[in-house]
1. Just the residues that are in contact with a Ser or Thr (Cβ under 7 Å, 6 or more places away or on another chain), within 21 Å of D:I317 (Cβ to Cβ) and part of a strand (DSSP E or B), please, taken from segment D:392-414.
2. Please specify each residue of segment C:68-93 satisfying the condition of being at the interface with chain B (Cβ under 7 Å from one of its Cβ atoms) and of a type in the set (S, T, Y).
3. Could you tell me how many of the residues in segment D:73-98 are at pLDDT below 95 and within 19 Å of C:L36 (Cβ to Cβ)?
4. Would it be correct to say that D:F93 is surrounded by fewer than 20 Cβ atoms within 10 Å (Cβ to Cβ) and not charged (D, E, K, R)?
5. State whether the residues of segment A:394-417 include one that is within 22 Å of the chain's Cα centre (by Cα), of a type in the set (F, W, Y) and more than 27 Å from D:P142 (Cβ to Cβ).
6. Here is a list of conditions, (1) within 14 Å of chain D (Cβ to nearest Cβ); (2) crowded, with 24+ Cβ neighbours inside 10 Å, and A:E355 meets all of them except one; can you say which number that is?
7. Based on this model, can you work out whether D:K517 counts as more than 8 Å from every other protein chain (Cβ to nearest Cβ), surrounded by fewer than 19 Cβ atoms within 10 Å (Cβ to Cβ) and touching a Ser or Thr at 6+ places or on another chain (Cβ under 9 Å)?
8. So for segment B:94-103 (the condition being buried (at least 24 other Cβ atoms within 10 Å of the Cβ), within 14 Å of chain D (Cβ to nearest Cβ) and of a type outside the set (A, V, I, L, M)), does at least one residue qualify?
Amino acid sequence: MKEKEQKKDVLVIGAGIAGIEASLLLSKADRKVHLVEKTSYTGGATIKFEEVFSNMECSTCMVAPRQQELLQDNNINLITLGNVEDVKGSVGDFTVKIHKKARYVDMVNCIGCNACFEPCPVSLKNEFEEGLSERKAIYVPCAGALPNVPMIDTDNCLRFKGKKCTACQEACMFEAIDYNQKDEKIEIKVGAIVVASGYSLIDTKPLSKFSYGKIDNVYTSMEFERLYASNGPTEGNIVLRDGKNPKSVAIIHCVGREEKGYCSSVCCMYSLKFNHYLKSKIPDIKISEFYTDLCIPGKSHQKFYEKMKETKVDMIRFNEIEVAKQGKDTVVKYSTKGKKNTLPVDMVILAPAIEPKNDASELAKTLGISKDDYGFFKEENPYVSSVISSKPGIFIVGCAQGAKNIQDSVSQANAAVGKVLSLS
Amino acid sequence: MNELKGGIIPSKTGIRETIIDLIEKSVDKGIFDAVIIPMKVPSGDSFVYVLVKDKKLLKDGFPLAPTMLVQGAKAVSSVTRLGKGNMKIAAIIRPCEARATVELAKLGQADLDNVTIISIDCPGVLPTSDFLEDPDKYLKKFDDAYKNWDDKIMRPVCQICDKSSMVTGDLHIGTLGAKKDTCFIISNSEKGDSVAEKLDINLNQNLDSWNSKVKAISEEKKKKRIKAHKELKSTVSGLDNLVETFSQCINCHNCMRVCPVCICRLCYFDSDKVKHTAEDYLTRAESKGSMRFLPDTTLFQMGRMMHMSISCVSCGNCEDACSMDIPVGQIFSMIADETQALFDYVSGRSLDEPIPLVAYKKEELHQMEDAND
Amino acid sequence: MTEKFEPRIVGFLCNWCSYAGADLAGTSKLKVPASLTPIRVMCSSRVDPVLVETAFLQGADGVLVAGCHPGDCHYDEGNYYARRRFAVLKKVVEGLGLESDRLRLSWVSASEGQRFADVVNEFNEKIKKMGPSPIKGKKSL
Amino acid sequence: MERKIGVYICECGPNISEKIDIDKVIDAVSPIEDVAVVEKFKLLCSADGKKFLEEQIKKNSLTHLVVAACSPKDHEKTFMMVCENAELNPYLFQLANIREQCAWITEDKEEATKKAIRLVKAAIGRVKYHSSLEKKEIDSIPDVLVIGGGIAGMEASLQLASKQRNVYLVEKTSDLGGLVKNYEKTFLGMKPISDIIDEKTKKIDSNGNIKVFKDSEVEEAIGFFGNFEIKIKRTNEESEPVEINVGAIVLATGSALFNPDKTPEYGYGKFENVITSLEFEKMNLSGKILLKNNKTPNSVATIHCVGREERGYCSEICCMYSLKFARYLKEKLPNVKVSNFYSDLCIPGKTDQKFFNQTKEKNVGFIRSSNIKLTKKGEQLNIEYDDENKNKQNLLVDMIILSPAMVPNDDATKIAEMTGVSQDDEGFFAEEHEKLNPISTSTEGIYIVGCAKGPKNISDTIVQAEAASGNILSSLIPGKKLEPEVKTSQISESFCIGCKTCLTVCSYGAITFDETKKISVVNEVICRGCGNCVAACPSGAASIKHFKFNQLYQEIKEAVK
């Protein structure tokens, strides 16, 4: 019997930090990589952070060189606005169908001058900025996004709603805007697949006791990350929706933990990081961290906690908690050690649980891999390897496999590369 | 700093003789195989360091020479730079020379494993030009000044030296506060302890009178130093003064050549890096209107301060060697005090302190970041 | 009539953070004074103080050294060394009675386009207040 | 040779041309000596632009190229490729960033034009001093040394070994399996440990490409990525060391437990029936959970976080294995009373809380406490503690298990010194970069995995072992040469005085000292080209390719003018 040819190319799904690292490492081994990213940009969630714990390194400085490298790497075929629609075959020989949405902006011609934004008459909330600022119908999510090429949001672009607007096209000197671009169906053959599709935060609106969406100054952690980001909607100034700087803040850990049934492992650390964010911008701010159990594993994290404690943060262990309005004030009502208390604050930051992306189920189905009880991709056996999915040749890394920090995500990405390279 | 320990030994004939005697005894006992010590040159008008192997020649040794043409650290470095060798060497040098030696050891320019540094309470040295006017007269003047601890005839930097009894080597001979016909011998290392032990010197004697005298002198000199630096500042610092001060410079680089801690094989400022094309010089002349030649004299001095002020021991050799009488030694001592203070560093204080430019702390010097107004 | 003073500022920018931050200022179309001429180096630790002295003594009205924030250095610890060298340099300049305020060390990250613009604006204003470097007219320096 | 510099200014559509008077720039730079051609072009990065540049280089026999356009982050590589295609060394090219850092940030056109002239002149001045740089290629050995035969070392060895790659696995004891071979089960899934170890051991034994050295230690490791020379010596035996050559090293040397002697309040070593977690694992594995007097305990307490305060970090796995102990106990002694004394429960990740909930259901007690002190009361041990409300409480039990912090192995420092790997403040091996290079170290080619680099569970340990193999498999490919950084530093033999300043400041151990010549030498394979040594060198002996003093001087000169 003739042995079937083993395909060497690799599909990586998701261009967040795990996907980027896996792709670069595979490319180093001279593997051709197809990196499919759902959004129009690379960097995933990591590039939304201004700084990362525990060394408080600037996230952009850390990731941008890797993003640049990725874009300039001839072995890596980056497919943005791409969705994996169908996967057939088995290890060594997968046939993958990708639906690539039209960007309507030519990646080659566009030089990233941003001249097309201004004339666009449409203005709407920028999702990348968690709705804290506006964007146009043709846009890049934030300054410095890579690739630095805008896309047209056809749901909101007037032209795609049947109007005659050509404002952006007129503004472009490079003939980069092409309304006739069509969605593409791409079919590739690969030998292995690395799934690095990332995570979402649990929707805090249904968790009504936190009053998110009802009280203006209740923010999610991701909103707060953008509020502090120097390339974010306020250029890093911590201002509330009413334009004032908060004088007191409550950070609430474990939001949605009970509902999800697991600890998301990074919230304690990033909440402590927020403490640093807040103190660095508003030195005399009063901060209360509401937590249940401090989960700060690992060799460098407790030291960070101790450093944060020196900033006089009030660490309050709660049993019950609720955010409410009391007159004009926003208050945190909580019980601790059996006693009930009320704390008025100017701002509340919620640290919601990490959960699988809403399309994780669909992707699992497409790939033919199983999910665990929580909807994350399931590792076949953690004592064989946590990156091996239920299907040979498909590897799962980063938060798509379970909540974890950047270091562990990157380790898994490297591990998956090890697995791919030792396949054949 | 640790409390120093030491003993008292007889010194009837004079300090030079006492030291020679001590060294001869040590050589007899096999403690040292060779000695680095100043000696008078045959013409009688100068002193140089000599590596003495023949014990008989030790009697010509001349510790506390009135001048310092070659800094002792350079001698120790020359002998041991390429390896410590297999012989035990004693180096009889001044405290500033000992400190420079320690700096050189940190810079990989001296291997002190087999060297025992013996320093002496130092009254300063004479400016070479004074001494040469009449060597015999000035030798006598020096010796008189030494007895009375009178620094008026010494090099300007010696007059403001607050580390003239600083113990940084292995052994130190102290004359300050000593009773008649005695002197102190102080140990600063295990090496020093072992020499004393072999010479049957009890190192557990009372050093109070030396300590208090040294402290008093050092404090007085420190005041003088601060005052002198302040005065110096008013004459050399500021753009116009500086231009005037260095305008005499003829780029001979003598200051650099005699500097004990200027270790480079080829000075950065002698290298091709600072030599430019006619076109480059024309551009510079254009932007300034004109430019002087030889060029970059101030850059040279500032560059040296950048590279070496951290290790400067204020010995004043540079100033002594300056053919244009630029007070470069005083300027260096002023700058060195400031750059070393940045890191709470004292050049040559201890072998265990890394040179600040090869170390860092994560939290420091925030006053240097951004605008400081 | 005096000519309008346009400062000449030399900016040593580290490739990974500050140069990227300066680029981001561009991409974000922020206004940055043209007085600063950027010089790209791989790391702030490459900025040999002699380079800064050279610029300063040749009459630069200001010299900016910019690198990654402490802890963020692409090469792990280069900026800590850079800071020490800069400190010594600043002391030397100050000690000689020259205008050490014409030398500035700042940390600018790759996401801080606005901060880059602010740093240069601030520095430029300061230099403008100080006036042209008096060194420019001193031929013998 | 005659210099012919071509200067090309990109209009970038309106992006540059509207903000900068390009013709003025052309006029200003045309007269400069050696400048042969100055031209503008609509968009140099376009296919047409690249073709135009390539033709220009050839047609004009240019020796150097200056392009004034966008940031080097955008198109430096693009234009370097153009040079290569036109057979011009790509390092004889300089890009002047007149878009991001000039046209886009300058309001006034005249000012922008002046600045652009300075930038282009600086680039021209600089490029004159550029030299051709060539990519180097270095042979490498694909074989790997793995130090430590625990789970991490076994896993790494198995994944690395192949037909083209030998793995040398060195274990200091006489068995593979490391610490965990003393355990009965894993806490995740309560799976028998022996299954995991036996399976791996079998695979290793039958793998012809893995050579195992038991009772052995690595005595010497010199060299660099791709070419390490290793000496392996058998412990407790007089024999010549075995010499091997490898391309990479994996440190999987594991960890040890904090010694509870240092926390006398827990009475370890003083009272009977106070044991450490490891001792309990062994006791459990032996099948006999017994008190000193050979009776079965009726009550057992586990004290978490022993030594955490002293060590300054959470050891990550103690909560979970303490839960596992409760399960062992409840399985074997159904009536035993089990209590956990803890401060904060650290059960991160998707499966741990479920395990906790299940354990709690088995009637296991959890007491949040502080200020624990042990005393003896009759046959029993008395735990005095403060409860959550700071009230004094106590509990009598028969047996106490301490869960001590994980600490680096005794020989960690020795190994770190031998390999040049740095240790963090806690004594664990330090990562090259906490986030992006968690497996590699600042010494290229040496990787750290498992508990040797910090406390972690078996699953994460395995991931790290695989990650190390991912790094090695992608960088040490049999038959493929290594291509080190081109723009490295170099040290002039004739100028170096041997002060070792450069060696001290180098973060990568790229500089070594030649003891015979007494000078520093750069290993260009390791050097990353930051230039720190150059600024540190007082003699000007160190320089860095492409960022030489002369090159930067030219830029300074124009910037000041």
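1. Once the filter is applied, which keeps residues that are in contact with a Ser or Thr (Cβ under 7 Å, 6 or more places away or on another chain), within 21 Å of D:I317 (Cβ to Cβ) and part of a strand (DSSP E or B), segment D:392-414 yields D:I401, D:L402, D:S403, D:P404, D:M406, D:V407, D:P408.
2. The answer is C:Y80, C:Y81.
3. 1
4. Values: surrounded by fewer than 20 Cβ atoms within 10 Å (Cβ to Cβ): no; not charged (D, E, K, R): yes.
Against the criterion (surrounded by fewer than 20 Cβ atoms within 10 Å (Cβ to Cβ) and not charged (D, E, K, R)), D:F93 does not qualify.
5. No, because not a single residue in segment A:394-417 is within 22 Å of the chain's Cα centre (by Cα), of a type in the set (F, W, Y) and more than 27 Å from D:P142 (Cβ to Cβ).
6. (2)
7. Details: more than 8 Å from every other protein chain (Cβ to nearest Cβ): yes; surrounded by fewer than 19 Cβ atoms within 10 Å (Cβ to Cβ): yes; touching a Ser or Thr at 6+ places or on another chain (Cβ under 9 Å): no.
Spelling it out, it is not the case that D:K517 is more than 8 Å from every other protein chain (Cβ to nearest Cβ), surrounded by fewer than 19 Cβ atoms within 10 Å (Cβ to Cβ) and touching a Ser or Thr at 6+ places or on another chain (Cβ under 9 Å).
8. Yes, segment B:94-103 has at least one match.
The values are calculated or read from the model by the stated rules, or taken from the named source; none is laboratory data. It should be emphasised that the depicted structure is a prediction, and the values quoted were computed from it without experimental measurement. Positions of Cβ are generated from backbone atoms using ideal geometry, with glycine treated the same way; all protein chains shown enter the neighbour counts.
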